Amino acid sequence: EPESAIQYEVGQKSTFLNGRLIWNNTLYWLDYTDLQTIQLINGLQIASNAGKATIRGYETQLDARLFDGFNLSVAYAYTDAKYDDYIEAGDDYSGNRVTRAPKHMVTVSPSYTFYLPGNLDVTLAGDYRYTSFIYDDASNEPPEFRDPTNFVDARIVVDNIADHFTFSIWGKNLTDERTRVFQGVFLGANFGAFSPPRTYGATLSWEY
């Protein structure tokens, strides 16, 4: 069935130090009716509707440019997501956490740019992302869950080469974090997909 939601939100946006510091905050509350869900039953993914669900949370983001060349972006999100009324095939999931809704998420992205002669820009940048424990199934029972994850990416970018080229060297998932991103059944066999391993590369771009 179609799902419907009423959302209440209040927020605040602030700018300090002549725009070098930006701090935004949001509080929200979502009341869901007939929330569409995916449940794993005997290895099969079954779509159904929860009677009611409440999702509420807080999000904050800080962007700082405290001195020339340096940028820092930090974000945090807290989510409290629960089924208020959910009975499926005789099982009562009311009070359980909503699937794929981590309580905590953190992102930290610092960067520094060197301005060199000849209009060249060299930027060193990184990204850190933390996601807390996630349930994959409305039953909130193992093994359908994902442990907390920590992902780290980094890159070196050389921009404005001959006014047209950008060259970057990058690494993704430097800590080689592995987490399941999908699980299902096909032709009677169980399949799972995991996040990519540690990856390195280089990219050359031409803008004309």
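Residue-wise test of (1) at pLDDT below 90; (2) assigned to a strand (DSSP E or B); (3) among the hydrophobic types (A, V, I, L, M, F, W, C).
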residue	(1), (2), (3)
Tyr8	no, yes, no
Gln12	no, yes, no
Asn25	no, yes, no
Thr33	no, yes, no
Gln45	yes, yes, no
Thr54	no, yes, no
Tyr58	no, yes, no
Ala81	no, yes, yes
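Among residues of region 166-177 that are outside any loop (DSSP other than H, G, I, E, B), those with a Cβ under 8 angstrom from a residue that is surrounded by 15 or more Cβ atoms within 10 Å (Cβ to Cβ) and β-branched (Val, Ile, Thr), sequence gap 6+ or separate chain, pair up as Thr166/Val157; Thr166/Val158; Phe167/Val157; Phe167/Val158; Phe167/Ile161; Ser168/Val157; Ser168/Val158.
Within region 1-26, residues that are more than 12 Å from Gln61 (Cα to Cα) have Cβ atoms under 7 Å from residues that are among the charged types (D, E, K, R) and part of a strand (DSSP E or B) in these pairs: Glu1/Asp34; Pro2/Asp34; Glu3/Asp34; Ser4/Asp34; Ala5/Asp31; Ile6/Asp31, counting only partners at least 6 apart in sequence or on another chain. The condition of being open to solvent by 60 Å² or more (accessible area, probe 1.4 Å), among the charged types (D, E, K, R), in contact with a strand residue (DSSP E or B) (Cβ under 8 Å, 6 or more places away or on another chain) and under 30 Å from Ile46 (Cα atoms) holds for Arg178.
Considered as a group, the residues in region 132-153 that are assigned to a strand (DSSP E or B) and open to solvent by less than 40 Å² (accessible area, probe 1.4 Å) include one that is nearest to Asn96 (Cα to Cα), and that residue is Ile134. Under the condition of being part of a strand (DSSP E or B) and either in contact with a Lys or Arg (Cβ under 8 Å, 6 or more places away or on another chain) or of a type in the set (Lys, Arg) (or both), the residues counted in region 90-107 number 4. In summary, Gln7 fulfils each of the numbered conditions (1) open to solvent by 90 Å² or more (accessible area, probe 1.4 Å); (2) of a type outside the set (Lys, Arg); (3) closer than 30 Å to Gly126 by Cβ with the single exception of condition (3).
Here Arg129 fulfils each of the conditions (1) outside any loop (DSSP other than H, G, I, E, B); (2) closer than 20 Å to Ile38 by Cβ; (3) open to solvent by 80 Å² or more (accessible area, probe 1.4 Å) apart from (2). Residues of region 51-93 that are open to solvent by 80 Å² or more (accessible area, probe 1.4 Å) and of a type in the set (A, V, I, L, M, F, W, C): Leu66, Phe67, Ile87, Ala89.
The values are calculated or read from the model by the stated rules, or taken from the named source; none is laboratory data. Just so you know, these numbers come straight off a predicted model, no measurement behind them. Positions of Cβ are backbone-derived with ideal geometry, glycine not excepted, and every protein chain shown enters the neighbour counts. Quick note on the areas: whole protein, heavy atoms, side chains included, nothing else; ligands and nucleic acids left out. Shrake-Rupley method; radii C 1.70, N 1.55, O 1.52, S 1.80 Å.
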